[in-house]
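Report on the structure given below.
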There are 2 protein chains.
Amino acid sequence: MALIVQKYGGSSVSDAESIKRVAKRIAESKRAGNDVVVVVSAMGDTTDELLDLAQQVTPAPPQRELDILLTAGERISMSLLAMAINNLGIKAKSFTGQQAGVITDAVHGKAHIVDVVPSRVRETIEKGAVAIVAGFQGVTRDTNDVTTLGRGGSDTTAVALAAGLGADVCEIYSDVDGVFTADPRIVPAARKVERLTYEEMLEMAASGAKILHLRCVEYGRRYDVPIHVRSSFSGKEGTLVTNRPLTAENGEELPMEDPIITGVAHDRSEAKITVVGVPDVPGTAARIFEVVATAGANIDMIVQNVSAAQTGLTDISFTLPEGDVPGTLAALKAAQDELKYDSLQFDDQVGKLSLVGAGMKSSPGVSAKLFGALRDAGINIEMISTSEIRISVVTREDSLDDAVRAVHTAFGLDGETEAVVYAGTGR
Amino acid sequence: MALIVQKYGGSSVSDAESIKRVAKRIAESKRAGNDVVVVVSAMGDTTDELLDLAQQVTPAPPQRELDILLTAGERISMSLLAMAINNLGIKAKSFTGQQAGVITDAVHGKAHIVDVVPSRVRETIEKGAVAIVAGFQGVTRDTNDVTTLGRGGSDTTAVALAAGLGADVCEIYSDVDGVFTADPRIVPAARKVERLTYEEMLEMAASGAKILHLRCVEYGRRYDVPIHVRSSFSGKEGTLVTNRPLTAENGEELPMEDPIITGVAHDRSEAKITVVGVPDVPGTAARIFEVVATAGANIDMIVQNVSAAQTGLTDISFTLPEGDVPGTLAALKAAQDELKYDSLQFDDQVGKLSLVGAGMKSSPGVSAKLFGALRDAGINIEMISTSEIRISVVTREDSLDDAVRAVHTAFGLDGETEAVVYAGTGR
């Protein structure tokens, strides 16, 4: 008998029918002899509808009130799901983030979990019932205020709860069959990856793969919680994310080639800022990025041109999430006198492609093959960055899909059958 | 400077626009120098929509989960209202029933408030902010489970909070201007009553006047909280419910006549059960009503026919809420052998009219005038019951409106202008 934490996203519980379908799946897991704890997101578009209501009331809602508003969404889905499971003859009780002991800091809108004290959840499963827990939400320890965890919050709730309960596995259900070698909507020949390490999954997530959020994977790695990414629609085995790489030693298939390419991720959500005409003297770049940091922006890639000898000036470009652009431009503008640059350029038509896999840096052939594939496809590379297990390049946004397909094929990742894609995405 | 608790029903906060309108009214009360605590119901039809979702998932939802589901409604309205008030430049914070310290027993679906510990609400108003509290909900002390208070729950929350805070007045806002001498939808000439005692209001509420729920008035009487019933649409002074009757001594107008007739209430929600052919021996009626009590029914009026001398049998009729009929019939059926009656009759086409006012029982002219007015209008009386300040009669349901109009006119209650009626009703 195993203890399983299952997480269902908004697209899996979008209406009464799909809630009943999910209830059946949970009942099957329970009848198979497992202890089951379920984390659930808000139904379908509930969160967007609530945000829209808030916008109708005020252009700048206080974050504390916004958190209270948004947590109504999981309250609805979790109680309905508990009802549906009870209707199948299996006892189920639902718990808010607070009742489940999800303690967070007080940063409303993007709170971090600081502790999980799931005593009521544990009591419930010890009595043989299923515990349903609201994802995405927690409570502050001191003031008893409701918080939300921000993007990927429900996944993080599930993994944190699995860690706190010492669960055998955390199953993340969504509308895709698992982690693919590329987004199947762009590369129909993309294959499902059977197994990944936390590090590979982190690089995929950081590179734009939407399937699991960075925070959830980080949590899983820190507490060594096996994460099973699978579909609530198909019932197939999905992708297992653990600390054990796929090797011959642990009795599993050897990869087809060495290094092991996990997949090709892409990201359209970043923008590029170029600071033009910066004096090429020591410390300038440092000052620029100090200014950027005060604006709270998360810098991704940085490129500094070679200085033109006759002017002593250079250009510095960096990428960052589009949402951070206005604040960053304002901060740089305010510091123009001190930084002594000529002008600022801003470009939101960029796309990022990342090739992720173990042992890449030690295989120089990988980057040569990557650049060759892009050259053959006629795609221009604007920026490059590498890590131990990832190579990322920035291209024009409108050539990003072609780039992903070309690289996927060049590295022999294409499968023989088309991947199945379901509609919608979860919270 | 006064401390005012204001309660707004669902029809007052049915969409973003009406929430902004209510926010303005709250801001005015605050800017006039008062401390303001607001209790709010779920938006418009939210509760019905959530109940409908639950019905789609299961025909018999567990009450605990239903309570969690329904309390999502106030979570949405209270946070939106807090946002709207903040947007007007006045600080406002919203609190769930739990955060506001509304402690109840564990009877899900119709919990009773056992204690109010509003320390966070008090802190909030002491800091000069408006506290918004979710109506209709509380939390159990021991298990920290969410409960709902049942019909009239938000009104009860408001009065209980006013008592706990020692507020100067509890204002109940809805879509009518106050308590009327009769339902203005039936009697267009009905007049607004300026002032009522708790006892008169209790009789009105118990007799079918929907404006305030029985529990809320009982709470107000027990803790002596003045209740001001008024409209969130018109801004007019409404009806004040206190422990002070309207007399010349407290410097207010003397009533037009003596006894003081408060108004004419009506109720279509009851049914009549007749137990036919009961042996007319001592103790029979007692056993019948013991059986009825085990079915949990709330008996209202009882009539026993004069026994027919030759048979020694009699009929016993009583009225009760329609919802209690099936269980009561089943309980009586199961006890037929013991009770030795012939048959059961059931009638849901009955209506009840009640004349409410102080000092009625001591004025024999009142009942004579009432029966005369009904006779002149050609309306047959099926049952009669009286209390210190009320006379109720049961008629055919389809002649109830005519009966209400005839009695209203006979007692000189008709006003000169038509009452204004707004659409919808709150929770």
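Every read-out reported here was derived from the displayed coordinates using simple, explicitly stated rules and does not represent laboratory data. Computed from a prediction, not measured in an experiment: that's the story for all the values here. Here the Cβ is made from the backbone with ideal geometry for all residues, glycine too, and neighbour counts use every protein chain on show.
Ignoring aspartates and glutamates fewer than eight residues from A:K333 along the same chain, the ones with Cα atoms less than 14 angstrom from its Cα are A:E290, A:D342. Restricting attention to the protein assembly as shown, close to 60% of DSSP beta bridges with both partner residues there are antiparallel. In this rough spin-label picture, where each label sits 7 Å from Cα along the Cβ direction, the B:K236-A:T294 distance is 6.0 nm.
Averaged over peptide B:91-97, the number of partner chain Cβ atoms lying within 10 Å of each residue's Cβ comes to 3. Comment: the Cα-to-Cβ extended label point of A:A330, at 7 Å, lies 6.4 nm from its counterparts in the other copies, nearest first.
Amide H contacts for A:R141 (H built 1.01 Å from N in the peptide plane; partners 5 or more residues away or on another chain; cut-off under 5 Å): A:T104. Normalising the average separation of contacting C-alpha pairs (under 8 angstrom, six or more residues apart) by the number of residues puts the relative contact order of the stretch A:301-404 at 27 percent.
Once you have a ≥ b ≥ c as the square roots of the Cα gyration tensor eigenvalues for the stretch B:3-251, tell me rounded if a/c is under 1.5, and otherwise prolate or oblate according to whether a/b is larger than b/c. Verdict is rounded for the stretch B:3-251. Taking the axis that rotates chain A onto chain B, the chain A residue nearest to it by Cβ, with the distance rounded to whole Å, is A:A72, 2. The order of B:L81, B:L66, going from fewest to most other C-beta atoms within 10 Å of their C-beta, is B:L66, B:L81. If R0 equals 22 Å, the separation of the Cβ atoms of B:L313 and B:K333 corresponds to a calculated FRET efficiency of about 0.75. Sorted from longest to shortest, the spans of the Cα atoms of the stretch A:270-347 along the three principal axes equal 37, 22, 18 Å. Toward the positive end of the charge dipole of the protein assembly as shown, about the Cα centre and with charges on Cβ (Lys, Arg +1; Asp, Glu -1), which of B:T181, A:I19, A:V121 goes farthest? Value computed over the given set: A:V121.
Entry for chain B at q = 0.07, 0.11 Å⁻¹: log10 I(q)/I(0) = -0.39, -0.91, Debye formula applied to identical alpha-carbon scatterers, no solvent contribution. For the peptide B:59-68, the mean number of other protein chain Cβ atoms found within 10 angstrom of a residue's Cβ is 6. Starting from the label point of A:G296 at 7 Å along Cα→Cβ, the same points in the other copies fall at 5.1 nm, in ascending order.
Just for the stretch B:3-251, what percent of DSSP beta bridges are antiparallel, to the closest 5? If we restrict to bridges inside the stretch B:3-251, about 25 percent are antiparallel. Between B:G135, B:G283, B:G220, the GNM of chain B built on Cα springs shorter than 10 angstrom shows B:G283 fluctuating the most. Under 24 Å of direct C-alpha separation, and excluding same-chain neighbours fewer than eight residues apart, B:K236 reaches these lysines: B:K7, B:K20, B:K24, B:K30, B:K192, B:K210.
Between B:A60 and B:E322, the FRET efficiency estimated from the beta carbon spacing at R0 = 22 angstrom works out to 0.60. Across peptide B:83-90, the average count of Cβ atoms from other chains found within 10 Å of a residue's Cβ is 5.
The ranking of A:V169, B:V291 from fewest to most other beta carbons within 10 Å of each one's beta carbon is A:V169, B:V291. Placing +1 on the Cβ of every Lys and Arg and -1 on the Cβ of every Asp and Glu, with nothing else charged, gives the protein assembly as shown a dipole about its Cα centre of roughly 940 debye.
Compute the angle between helix B:325-334 and the longest alpha-carbon principal axis of chain B, please, reported from 0 to 90 degrees and rounded to the nearest 10. So the helix axis and the longest Cα principal axis differ by about 40 degrees. Suppose R0 equals 41 Å; then what is the FRET efficiency for A:D414 and B:E17 from their Cβ-Cβ distance, rounded to the nearest 0.05? After rounding, the FRET efficiency stands at 0.15. Residue exposure proxy: B:H228, A:H408, ordered by other Cβ atoms within 10 angstrom of their Cβ from fewest to most, comes out as B:H228, A:H408. Modelled label-to-label distance, A:K340 and A:T143, 7 Å Cα→beta-carbon offset: nm? That separation, rounded to one decimal, is 4.5 nm. In straight-distance terms, cross-link reach from A:K110 covers every one of the aspartates and glutamates whose alpha-carbon lies under 13 Å from its own, apart from those fewer than eight places away in the same chain; here that gives A:D67. Taking the C-alpha atoms only, the angle from helix A:214-223 to the longest principal axis of chain A is near 60 degrees.
For chain B, the longest principal axis of the C-alpha atoms and the axis of helix B:46-57 are separated by about 70°.
Using a cutoff of 8 angstrom between alpha carbon atoms and counting only pairs six or more residues apart, the relative contact order for chain A works out to 16 percent. Its convex hull of Cα atoms gives the protein assembly as shown a direction-averaged projected area, equal to a quarter of the hull surface, of 45.9 nm².
Distance between the modelled labels on B:E126 and B:E49, one decimal in nanometres: 3.9 nm (7 Å Cα→Cβ projection).
Along the Cα-to-Cβ line of B:D115, 7 Å from the Cα, sits a label point; which residues in the stretch B:137-173 have backbone N less than 20 Å from it? B:137-149, B:157-167, by backbone N distance to the label point.
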